[in-house]
Structure formats: C-alpha cells, structure tokens
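Participant: Just passing along the structure, written as structure tokens.
Just so it is clear, none of the values below were taken in a lab; they were calculated from the coordinates. For clarity, every value in this text was computed on a predicted model and none was experimentally measured. With ideal geometry, Cβ positions are generated from the backbone for all residues, glycine too; neighbour counts draw on all protein chains shown.
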C-alpha cells in the first residue's frame, strides 16, 4: 500500500536482510576490485522503488533504502572510505556526503534536505545517518554503484571502467558497478604504469 507514492507497508524482514546482505557483498567486491584506499569516495545511486520491483520513482521505500544503506555503509566505515549518496533527478542528482570530505575536496555545499519524493529514500537515509551530512552538486568519485539504473556516471572521475561483480541485482534492481583509472597520455612510444591500470 502506498500514500503519495511512498511505501508505507512494513517490508518483510527476510527481504530486508537479503537486500542488506546483497548491498554489503557488492560493495565489498567493488572496493576490492577497484583497489580503493582510505579516503577514497564511493558514489551510490539507489532506487528503492526498483529494489522492491516497481518502476523507478513510483514506490519509494524508506525501509528498503535503510537496508541498502546499512549494507553499503558497513563496508564504507570498515574501509575508511567516504560515501556520496546520489539524490534523484528532482534534486538534479545532488549528493549527500560527510561535511569532512566536502571541505577536503572543496566541493560547493548547497542548501537542500532530501526527502523520499524529492531526493529519494536512499539519500534521505544517508542525510539522517551520516555524522555531519551536507549536500553538494557534484563529486568525482573513484568508484560507484548504480542500483536501479539511476545514472551515476556524471559523478565518476575519468576514466570509468565497468566492474562485473557476482551480485548483479539488489532485490529486484539491476546493479552496475564501476571503478576509475588514471587517463593514458602519450602516443605509440608511451610506457604505462601497470599499477594504475
């Protein structure tokens, strides 16, 4: 049952635990594949509607978003990374981040508080659960997870490289992961550092 396009039913605990575990697993796989290190930024876009099997933007579920956030955030905290939670298109895909990383990277802080129908349930959860959350207009993340085809590419540093993980869905939502690598410069005589590939 929904009210104004927001799910108000209690999600089954088994489903929520499955979603949390899938989110945790895909995050750990990506972090390892991407070689992320302390202080790196992971951008995540998540449609809770898609996770529960509905069309993006039609069935925002805070409980589902919280389960996804818990799975991802547990890895982010363990690895000492920073999470950038992408808002929906109604907030121009602004991101919720810790103020610490926004200041470090000199990202322009903007004034908006995400809510489930303007920002999305995942960004709303991030805003509520981060230690000192702020919104910024853009980031250049070292890796990203797109849950439900939310289009995170605009927030990845160049050059983005797809990462295939054993988890291809979180709940019912399609998952796409990416890491980034340093750009190649030079021509046919150039020699490249294998560690930066």
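Participant: Pairing the Cα long axis of helix 62-79 with the longest principal axis of the chain, what angle in degrees results, from 0 to 90 and rounded to the nearest 10?
Facilitator: Tilt relative to the chain: about 30 degrees.
Participant: Still on this structure, please answer the following. Each label point is 7 Å from the Cα along the Cα-to-Cβ direction; what then is the distance between the points at residue 108 and residue 21, in nm?
Facilitator: Distance between the two pseudo-spin positions: 4.5 nm.
Participant: Could I ask something else about it? Could you give the spread of the C-alpha atoms of the chain along their three principal axes, from largest to smallest, in whole angstroms?
Facilitator: 63, 37, 28
Participant: Compute the Rg to Rh ratio over segment 28-81 from the alpha carbon atoms, using the Kirkwood formula for Rh, and round to two decimal places.
Facilitator: Reported Rg/Rh, Kirkwood definition of Rh: 1.06.
Participant: Above 18 angstrom, tally the Cα pairs of segment 135-197 and express them as a % of all pairs, no decimals.
Facilitator: In whole percent, the share of Cα-Cα pairs in segment 135-197 beyond 18 Å is 47.
Participant: Any idea what angle helix 13-34 forms with the longest principal axis of the chain, computed on alpha-carbon atoms, 0 to 90 degrees, nearest 10?
Facilitator: The two axes meet at around 10 degrees.
Participant: Give the Rg/Rh ratio for segment 69-129, taking Rg as the radius of gyration of the Cα atoms and Rh as the Kirkwood radius, to two decimals.
Facilitator: Here Rg/Rh amounts to 0.96.
Participant: Continuing with this model, one more query. I want the antiparallel fraction of DSSP beta bridges within segment 13-183, as a percent rounded to 5.
Facilitator: The antiparallel fraction comes to roughly 65 percent.
Participant: What value does segment 80-196 have for Rg/Rh, both radii from Cα atoms and Rh as Kirkwood defines it?
Facilitator: Taking Rh as the inverse mean 1/r over Cα pairs, Rg/Rh reads 1.03.
Participant: Cα centroid distance between segment 45-91 and segment 178-197, in Å?
Facilitator: So the separation of the two Cα centres works out to 32 Å.
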